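Have a look at the structure below, then the notes.
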Amino acid sequence: MVGTKIDGKVIAQTVKDRVKKAVEELKTQGINPCLATILVGDNPASATYVRNKHTACDEIGIITKDHKLDVNISQKQLDEIIENLNNDSSVHGILVQLPLPEQLDEFATTSRISPLKDVDGLTPHNTGLLAMKKAVLVACTPSGIMEMFDYHEIDLDGKNIVLINRSNLVGKPLYHLLLEKNATIVTCHSRTKNLTDLCQAADIIITAVGNRNKFTLTPKMIKEGAIVIDVAISRFQEKLVGDSDFDEIIQKASFATPVPGGVGPMTVAILLKNTITAASLSTQIGRQF
Ligand code: GUN
């Protein structure tokens, strides 16, 4: 079997087209959607991700405010910057690019963001709403993966899904979104003992390890016709790779995402969508897009 490529660039464009229309609509009501980003330090990968987010905002008419902070900034200084953005009515969304340098506490930092401006869906308020099936702003990568399933009309009801990631950004929010669709989910991690057996039994595998020296999802590890969503992106042998090799896995999978060009563009598109949802929440209209 040669499966179907799930093309993140194409699907992301459909989301961006929707968002662009919504931006125009909001502007007619006097609302200029604005995203503020905070990048601490000079991690090259993080700098690239933030640059891509700004470019995407520019393309569809979302204003950006860029905060590049010294790597040695204190928690108190960072908290003050977030507080100012919380109180700035011209800013609708706030994104603190992760990971943060060691002296900063990720939970303390993301928890400071106003839940109404939390375009990453990382505050305790928004993660709690997600667990209660009442989410408004949901983490971008998990939400983007759900858009991919929708686009290809992949029914998750009763499916056995192996999720190889337990992070706050990917695994945990995705678990809740998949559960809402009546999937049966096994969340795996570095201590999981029988990972190959679990993968071989899965209808869908969503993998986000990002370390090829430790883990590769090979065709032998999946069953014929399985669906593979590869969230990882890392540099390995001079190339950008996921946890699997797309050209090999697609020979056996019914659907698979490439890396790059798979989940990555979806993360950015959903960030735009969340920003206009946040802009709308700042008004009486309070609409989700
Ligand atoms: N670092 C990697 N992915 C993300 C993301 O989706 N949001 C933030 N804030 N940081 C990240």
Checklist entry - For residue 89, are the conditions met, namely being outside any loop (DSSP other than H, G, I, E, B), modelled with pLDDT of 95 or more and either in contact with a helix residue (DSSP H, G or I) (Cβ under 7 Å, 6 or more places away or on another chain) or open to solvent by 50 Å² or more (accessible area, probe 1.4 Å) (or both)? => result no
Taking segment 170-185 and keeping only residues that are in a loop (DSSP other than H, G, I, E, B) and buried (at least 20 other Cβ atoms within 10 Å of the Cβ), one is left with 170, 183
Exactly one of 206, 161 is in contact (Cβ under 8 Å) with a residue 60 or more places away in the chain, part of a strand (DSSP E or B) and open to solvent by less than 40 Å² (accessible area, probe 1.4 Å), and that one is 206
Here the residues within segment 95-108 that are closer than 18 Å to residue 47 by Cβ, in contact with a helix residue (DSSP H, G or I) (Cβ under 9 Å, 6 or more places away or on another chain) and more than 8 Å from the ligand (Cβ to nearest atom) are 100, 104
Filter pass, residue 233 being under 22 Å from residue 121 (Cβ atoms), among the hydrophobic types (A, V, I, L, M, F, W, C) and open to solvent by 20 Å² or more (accessible area, probe 1.4 Å) | yes
Among (1) open to solvent by 40 Å² or more (accessible area, probe 1.4 Å); (2) not in a strand (DSSP E or B), residue 65 falls short only on (2)
Selection over segment 109-135 where residues are among the aliphatic types (A, V, I, L, M) and more than 12 Å from residue 177 (Cα to Cα) yields a count of 4
So, first residue under 24 Å from residue 26 (Cα atoms) in segment 84-109, second residue modelled with pLDDT under 95 and away from the ligand (no atom under 13 Å from the Cβ), Cβ within less than 7 Å, six or more apart or across chains; the pairs are 92/282
| task | Evaluate segment 222-231: report whether one residue or more is free of Cβ contacts under 8 Å to residues at least 12 places away in the same chain and away from the ligand (no atom under 16 Å from the Cβ). | result | no
Scanning segment 113-158 for residues that are of a type in the set (Gly, Ala, Ser) and either more than 16 Å from the ligand (Cβ to nearest atom) or at positive phi (or both), the one surrounded by the fewest Cβ atoms within 10 Å (Cβ to Cβ) turns out to be 158
Picking from 267, 283, the residue that is open to solvent by 20 Å² or more (accessible area, probe 1.4 Å), in a loop (DSSP other than H, G, I, E, B), within 30 Å of residue 21 (Cα to Cα) and touching a residue at least 60 places away in the same chain (Cβ under 8 Å) would be 283
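For every residue, the table says whether it meets (1) in contact (Cβ under 8 Å) with a residue 12 or more places away in the chain; (2) in contact with a helix residue (DSSP H, G or I) (Cβ under 6 Å, 6 or more places away or on another chain); (3) outside any helix (DSSP H, G or I).
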{"position": "11", "(1), (2), (3)": "yes, yes, no"}
{"position": "35", "(1), (2), (3)": "yes, yes, yes"}
{"position": "38", "(1), (2), (3)": "yes, no, yes"}
{"position": "42", "(1), (2), (3)": "yes, no, yes"}
{"position": "45", "(1), (2), (3)": "no, no, no"}
{"position": "48", "(1), (2), (3)": "no, no, no"}
{"position": "80", "(1), (2), (3)": "no, no, no"}
The residue from 286, 210 that alone is modelled with pLDDT of 95 or more and not charged (D, E, K, R) is 210
*Restricting attention to segment 92-104, does a residue exist that is small (Gly, Ala, Ser), touching a strand residue (DSSP E or B) at 6+ places or on another chain (Cβ under 6 Å) and outside any helix (DSSP H, G or I)?*
yes
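The values are calculated or read from the model by the stated rules, or taken from the named source; none is laboratory data. The shown structure was predicted, so the numbers you read here are calculated from the model rather than taken from an experiment. Quick reminder, even Gly has a Cβ in these numbers, built from the backbone with ideal geometry, and neighbours come from all protein chains shown. Heads up: the accessible areas ignore ligands, DNA and RNA and are worked out on the full protein's heavy atoms, side chains in. Shrake-Rupley method; radii C 1.70, N 1.55, O 1.52, S 1.80 Å.
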